[in-house]
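The values are calculated or read from the model by the stated rules, or taken from the named source; none is laboratory data. Keep in mind it's a predicted model, so treat the numbers as computed, not measured. Ideal geometry is used to build each Cβ from the backbone, glycine not excepted, and the neighbour counts take in all protein chains shown. These area figures cover heavy atoms from the full protein model, side chains too; ligands, DNA and RNA do not enter into them. Shrake-Rupley method; radii C 1.70, N 1.55, O 1.52, S 1.80 Å.
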Amino acid sequence: MLFRSPSAWVVRWADRVPAGGAVLDIACGTGRHARYLAARGHPVQAVDRDPAAVARLSGVAGISALCADLEDGPWPYEDKRFAGVVVANYLYRPLFSRLLAALGEDGVLIYETFAVGNERYGRPTNPAYLLKPGELLEIVRGRLRVIAYEDLPVSEPKPAMVQRICAINSR
């Protein structure tokens, strides 16, 4: 089975995740980021609510996959801290505080998803799934040190309006 390549944004900033540190991949889908990070020596906790997607990760070295509905169920990582948290193409605003709390000291947040303006390119078009201008910056303000931030149209892997951030927990 073929899997899409990891996001160029995740690849670009993966070196910032402390070597060998555990990574949490939120809404992992088929596991393109979990697989990439596990291949780099990180133990990965991958979570998605799709049982078929999670099943595809069963037996992949370095990945522990969990089927869980993070929007309508309990947060399964309450007492865990991670060297990295990766989120791509997923937005559920009530999780932001949990994602930031899941970062250990020097932990890295690598986040990339659709932003307002994506309506002209296609789905998603619902404002509930589109970041507002500067929203990722506001979420981490005073909590994480921003390494990089972008809010721009992209052409790859498909035309879209995205917002993305790489930020470090330097408490």
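Here are the numbers:
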read-out	value
Every residue from segment 1-38 that is farther than 19 Å from D106 by Cβ and in a loop (DSSP other than H, G, I, E, B)	M1, L2, F3, R4, S5, P6, S7, A27, C28, G29, T30, G31
Residues of segment 55-68 satisfying the condition of being of a type outside the set (G, A, S) and either over 26 Å from A39 (Cα atoms) or open to solvent by 80 Å² or more (accessible area, probe 1.4 Å) (or both)	R56
Residue that is nearest to E71 (Cα to Cα), among those in segment 96-108 that are open to solvent by 10 Å² or more (accessible area, probe 1.4 Å) and of a type in the set (A, V, I, L, M, F, W, C)	F96
Qualifying positions in segment 117-143 - in contact with a helix residue (DSSP H, G or I) (Cβ under 7 Å, 6 or more places away or on another chain) and either assigned to a loop (DSSP other than H, G, I, E, B) or small (G, A, S) (or both)	P124, T125, L130, R143
Residues that are surrounded by fewer than 17 Cβ atoms within 10 Å (Cβ to Cβ) and out of contact with any strand residue (DSSP E or B) (no Cβ under 6 Å at 6 or more places or on another chain), drawn from segment 33-51	A39, R40, G41, P43, R49, D50
Selection count, segment 12-32, where residues are closer than 16 Å to G59 by Cα and either more than 13 Å from the chain's Cα centre (by Cα) or open to solvent by 30 Å² or more (accessible area, probe 1.4 Å) (or both)	2
Top-ranked residue of segment 39-56 - restricted to ones that are modelled with pLDDT of 95 or more and in a loop (DSSP other than H, G, I, E, B), ranked as farthest from A22 (Cα to Cα)	D50
Residue that is nearest to L131 (Cα to Cα), among those in segment 68-104 that are in a strand (DSSP E or B) and not β-branched (V, I, T)	A88
